[in-house]
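For reference, the structure discussed in these notes is given below.
The values are calculated or read from the model by the stated rules, or taken from the named source; none is laboratory data. Please read all numbers here as calculations on a predicted model, not as lab measurements. When we count neighbours, we look across all protein chains shown, and the Cβ atoms used for this are built from the backbone with ideal geometry, even at glycine. All accessible areas refer to the heavy atoms of the entire protein, side chains included, with ligands and DNA or RNA removed. Shrake-Rupley method; radii C 1.70, N 1.55, O 1.52, S 1.80 Å.
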Amino acid sequence: SNQLFVLATLQSFVWVGFFGVYLAQYKFGVFGNGHQHEYAWYPVALVVAQLLLLLLPSAHFRFKYRCALLRCLATVVVAPLVRVTFAANVLGDVLTSFTRPAKDALYTGCYIFSGSFLHQDAELCKV
């Protein structure tokens, strides 16, 4: 559907926009004094913005479909205990391809939410 491409385009623009502002702040100190603590909030704001974009109402990507995707994900998580559908099998296959990005996301979440970025202490979140 055309609306899904619009959503994907909007997410791309948000990502490129946040990255551009982050780069301008980091390289040239455009927004503020260039203190290192200011840089850590750009990834957090980007994740929040992307999640908010996914919550936008849509005529084609309805709430019912989003709930079906979440149910499918729940089926993958508890797969040995429930009957596995073809959709859950495909989703599980896709998720197993994300092992390296998932490890990086776990490290990033630990680094940001533990406050390690404030003290430049990356040892706390070593995996």
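If you go through segment 89-102 and keep only what is part of a helix (DSSP H, G or I), open to solvent by 50 Å² or more (accessible area, probe 1.4 Å) and modelled with pLDDT of 85 or more, you end up with Asn89, Val90, Asp93, Val94, Leu95, Thr96, Thr99, Arg100, Pro101.
Just one of the numbered conditions (1) surrounded by 13 or more Cβ atoms within 10 Å (Cβ to Cβ); (2) in a helix (DSSP H, G or I) is not true of Ser58: (2). Annotation: of all residues in segment 109-124 being part of a helix (DSSP H, G or I) and more than 17 Å from Tyr42 (Cβ to Cβ), the one that is modelled with the lowest pLDDT is His119. Exactly one residue out of Leu106, Leu52, Leu23, Leu46 is open to solvent by less than 70 Å² (accessible area, probe 1.4 Å), at pLDDT 75 or above and either assigned to a helix (DSSP H, G or I) or of a type in the set (S, T, N, Q) (or both), and it is Leu46. Within segment 61-88, the set of residues being open to solvent by 60 Å² or more (accessible area, probe 1.4 Å), under 30 Å from Thr9 (Cβ atoms), in a helix (DSSP H, G or I) and not hydroxyl-bearing (Ser, Thr, Tyr) comprises Phe63, Lys64, Leu69, Leu70, Arg71, Leu73, Phe86.
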